[in-house]
Amino acid sequence: MNIKENLEKIQATLPAHVNLIAVSKTKPAEMLLEAYEAGQRLFGENYVQDLIGKQPELPADMEFHFIGHLQTNKVKYIAPFIACIQSVDSLKILKEINKQAAKNDRVIDCLLEFSIAENDSKFGFNLDEVQELLKSESYQSMQNIRICGVMGMGSFSDDTDRSRREYKKLKSIFDQLKAEFFASDESFKEVSMGMSADYQIAIEEGSTMVRVGTDIFGERNYKE
Ligand SMILES: *Cc1c(COP(=O)(O)O)cnc(C)c1O
């Protein structure tokens, strides 16, 4: 497993407008550092305890994106340093992020997570829920979060037609929200979709951010 070679191989296939998030969940700090030394700066993590255990010993300019399901009572642990929370799936969690960001005198970037997988009931909003959220007074009064786009997980399967449909759906949700709520907001620009198995398809369907773990760091030691 050569992390540097893996990163270079993937980077070489990415168009300039697509960012690579190196998904380092469950991996030890040394492996993240190896990726950092190869030039990688964006990392994705799913578990709060795992992340706060390794973050203090890592370089301060590593940017962490939280991509796993986040419990309200754990937001406070990551609010001081997290670069982006991609897995916002309720108004309740968004309120808590806003509150903890304020306590830290920060504005935290967020993505809205949509449920797009056809064979799986993953966490995430549907379009109606988000339209309602974005119209709410509660959202409009939030000063310490910035919504930068959308995120979605495709189905786990090797049915590439299905992945493509799911990613098309997320892109069309992004386009609709952009037109309806964020037309003049340049920060709303991210479509985070695509993993090791299917990031090329995701890019063809409009991804701006691919989240790749296994193809960089190898298999993880647990069943998901
Ligand atoms: C684990 C994970 C990934 C990366 O998956 P790989 O198949 O290892 O590339 C991407 N996104 C999310 C939300 C994840 O939990």
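The values are calculated or read from the model by the stated rules, or taken from the named source; none is laboratory data. Just so it is clear, the model here is predicted, and its values are computed rather than measured. Glycine also receives a Cβ, built like all others from the backbone with ideal geometry; neighbour counts cover every protein chain displayed. Just so you know, the surface numbers come from the protein's heavy atoms only, side chains and all, with ligands and any DNA or RNA stripped out. Shrake-Rupley method; radii C 1.70, N 1.55, O 1.52, S 1.80 Å.
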Determine ³J(HN,Hα), in whole Hz, for all residues of segment 180-193 in sequence, where each value follows from phi through the Karplus function 6.51 cos²θ - 1.76 cosθ + 1.60 and θ = phi - 60°; x replaces Gly and Pro. 7, 10, 10, 3, 9, 10, 5, 6, 7, 8, 9, 10, 8, 7
I'd like to know which of PRO59, THR72, ALA202 lies farthest towards the positive end of the charge dipole of the chain, counting +1 on Cβ of Lys and Arg and -1 on Cβ of Asp and Glu. THR72
Per residue value of the accessible surface for the chain (all protein chains in place, 1.4 Å probe), Å²: 48 Å²
Any residue on another chain or 5+ positions along whose placed amide H is under 5 Å from the amide H of MET151 is listed here as LEU112, GLU113, PHE114, SER192
If you average the C-alpha positions of segment 26-43 and of segment 114-148 separately, how far apart do those two centres end up, in angstrom? 30 Å
Ranking ILE216, MET142, PHE174 by how far each Cα lies towards the positive end of the charge dipole of segment 142-224 (+1 on Lys and Arg Cβ, -1 on Asp and Glu Cβ), the top one is MET142
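Using a 1.4 Å probe on the protein heavy atoms, what percent of the accessible area of segment 17-170 belongs to carbon and sulfur?
That share works out to 45 percent.
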Segment 80-140: C-alpha gyration tensor shape, a/c 1.5 cut-off, then a/b vs b/c: oblate
Taking only Cα atoms and a 10 Å spring cutoff, compute GNM fluctuations for the chain and point out the largest among MET209, MET153, MET142. MET142
Under 12 Å from the Cα of LYS9 - aspartates and glutamates, other chains or at least 8 residues apart: ASP215
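Based on the Cβ-Cβ distance of THR214 and ALA102, what FRET efficiency does E = 1/(1 + (r/R0)^6) give at R0 = 41 Å, to the nearest 0.05?
Efficiency for this residue pair is about 0.65.
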State the Cα centre-to-centre distance between segment 67-107 and segment 157-224 in whole Å. 21 Å
With label points set 7 Å from each Cα along the Cα-to-Cβ direction at PHE123 and SER184, the distance between them in nm comes to 3.4 nm
Segment 4-21 - phi-based ³J(HN,Hα) in whole Hz, Karplus 6.51/-1.76/1.60, Gly and Pro as x: 4, 4, 4, 4, 5, 4, 6, 4, 5, 9, 8, x, 4, 8, 10, 8, 9, 9
I need the shape label for the chain. Rule: rounded when a/c is under 1.5, else prolate if a/b > b/c, else oblate, with a, b, c from the alpha carbon gyration tensor. oblate
Choose one answer from ILE52, ILE93, ILE67: the residue with the largest mean-square fluctuation in a GNM of the chain with alpha-carbon springs under 10 Å. ILE52
Starting from 0.36 nm per residue, how many nanometres of slack lie between ALA12 and TYR47 once their C-alpha separation is accounted for? 9.7 nm
How big is the dipole moment of the chain about its Cα centre under a simple scheme where the beta carbon of each Lys and Arg is +1, that of each Asp and Glu is -1, and everything else is neutral? Debye, nearest 20, please. 500 debye
Looking at the chain as a GNM with Cα springs under 10 Å, which of ASN144, ASN73, ASN46 has the largest mean-square fluctuation? ASN73
Once amide H atoms are built 1.01 Å from N in the peptide plane, which residues 5 or more positions from ILE145, or in another chain, come under 5 Å H to H? ILE108
